[in-house]
1. On the basis of being buried (at least 17 other Cβ atoms within 10 Å of the Cβ), small (Gly, Ala, Ser) and either without any contact (Cβ under 8 Å) to a residue 24 or more places away in the chain or in contact with a strand residue (DSSP E or B) (Cβ under 8 Å, 6 or more places away or on another chain) (or both), does residue 169 make the cut?
2. Write out, first by first residue and then by second, each pair whose Cβ atoms fall under 9 Å of each other, whose residues are 6+ apart or on separate chains, and whose first residue, in the range 6-19, is within 11 Å of residue 55 (Cα to Cα) while the second is surrounded by fewer than 12 Cβ atoms within 10 Å (Cβ to Cβ) and modelled with pLDDT of 50 or more.
3. Go through the range 17-38 and count every residue that is within 30 Å of residue 175 (Cβ to Cβ), of a type in the set (Val, Ile, Thr) and either touching a Phe, Trp or Tyr at 6+ places or on another chain (Cβ under 9 Å) or open to solvent by 30 Å² or more (accessible area, probe 1.4 Å) (or both).
4. Quick one: how many residues across the range 39-60 are buried (at least 18 other Cβ atoms within 10 Å of the Cβ) and either closer than 22 Å to residue 82 by Cβ or among the hydroxyl-bearing types (Ser, Thr, Tyr) (or both)?
5. Being in contact with a Ser or Thr (Cβ under 7 Å, 6 or more places away or on another chain) and among the charged types (D, E, K, R) is the filter here, so list the residues in the range 141-170 that pass it.
6. Determine if the range 192-213 includes at least one residue that is over 27 Å from residue 109 (Cβ atoms), modelled with pLDDT of 90 or more and surrounded by fewer than 20 Cβ atoms within 10 Å (Cβ to Cβ).
7. Is it the case, given these coordinates, that residue 222 is open to solvent by 40 Å² or more (accessible area, probe 1.4 Å), closer than 19 Å to residue 91 by Cα and either without any contact (Cβ under 8 Å) to a residue 60 or more places away in the chain or not basic (Lys, Arg) (or both)?
8. Hey, among 216, 187, which residue is free of Cβ contacts under 8 Å to residues at least 24 places away in the same chain and either closer than 18 Å to residue 85 by Cα or polar (S, T, N, Q) (or both)?
Amino acid sequence: MSVQSAQDGPSEPRSLLKTTITQTIRDWIIQGRRKPGEQLSDKEIALELNASRTPVREALLQLQSEGLVEVRPQRGTYVFNPDAEEIAEICVARGLFEADALRLGMQSDPDKLIVALGRIVAQAAIAVEKSDLETVEALDTSFHETLLRLSGNRYLLESYSRLALKMRALRHRLPSSRARMAEAISQHRRIVDLIAVGAVDEAVQSIADHVRNVQQVLVANIEKPANDDAD
């Protein structure tokens with residue numbers, strides 16, 4: 001894979017090149033192609049993308065500002081690798097965002113919310129039957145992000161977006177099993193059913209329970225960086 005280097009010609013401005021490289025590395029992290037705690041070498045990435053090191057370094061700084069990359073002085077740059085405490089903080093924040101989004105969505109357009117979430121649950125159930133676990137994972141993410149999108153509050157959605165990137169990356173710590181995904185769909189279906197009958201408080205509690213379950217699995221699957229020195 002390669003991106004056009006700024007040295008190859010004027011057709012791709014430096015800012016666009018940086019954006020392209022940033023998105024590429026971001027995708028690697030979100031898709032699990034770069035694991036939590038893995039060291040990121042600007043030289044190696046530049047060679048892989050056929051780019052100069054300067055836009056790669058700029059991209060890594062951007063990803064650091066997003067929380068996906070950690071820069072450790074005198075040691076290097078690494079994919080973020082949260083411990084149990086940070087995972088708990090991420091999940092608590094996620095639960096609060098999603099609870100508020102659900103309440104706002106019910107006030108704004110409950111029918112639209114029910115239809116959109118119900119469609120995602122139905123698609124995910126079909127994907128599980130086909131053992132298409134990659135699609136199920138994507139739909140799981142879509143369920144939660146749709147909940148935020150239909151809150152009708154753009155500031156809530158913008159604030160959630162940074163958290164959503166971390167959650168997407170952390171999903172690769174979850175066991176890729178049909179049973180786990182079927183259980184997640186069952187929990188999503190219950191949330192939709194509660195929303196459909198106007199049981200908002202119960203739906204919010206179900207979201208909290210669902211997020212807590214995810215937190216427990218993530219903590220149980222914490223990875224220690226294979227190439228990092230012991231602190």
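1. Working: buried (at least 17 other Cβ atoms within 10 Å of the Cβ): yes; small (Gly, Ala, Ser): yes; either without any contact (Cβ under 8 Å) to a residue 24 or more places away in the chain or in contact with a strand residue (DSSP E or B) (Cβ under 8 Å, 6 or more places away or on another chain) (or both): yes.
The answer is yes for residue 169.
2. 6/13
3. 1
4. 3
5. 168
6. Filtering the range 192-213 down to residues over 27 Å from residue 109 (Cβ atoms) leaves 212-213.
This time we only want the ones that are modelled with pLDDT of 90 or more, so: 212-213.
Next, from what is left, pick out any that are surrounded by fewer than 20 Cβ atoms within 10 Å (Cβ to Cβ): 212-213.
Yes; the residues of the range 192-213 include at least one that is over 27 Å from residue 109 (Cβ atoms), modelled with pLDDT of 90 or more and surrounded by fewer than 20 Cβ atoms within 10 Å (Cβ to Cβ).
7. Values: open to solvent by 40 Å² or more (accessible area, probe 1.4 Å): yes; closer than 19 Å to residue 91 by Cα: yes; either without any contact (Cβ under 8 Å) to a residue 60 or more places away in the chain or not basic (Lys, Arg) (or both): yes.
Yes; evaluated as a whole, the condition is true for this residue.
8. 216
The values are calculated or read from the model by the stated rules, or taken from the named source; none is laboratory data. Keep in mind that what you see is a predicted model, and the values were worked out from it rather than measured. We place every Cβ from the backbone using ideal geometry, glycine too, and count neighbours over all the protein chains shown. To get the accessible areas, we keep the full protein, side chains included, count just its heavy atoms, and leave off ligands, DNA and RNA. Shrake-Rupley method; radii C 1.70, N 1.55, O 1.52, S 1.80 Å.
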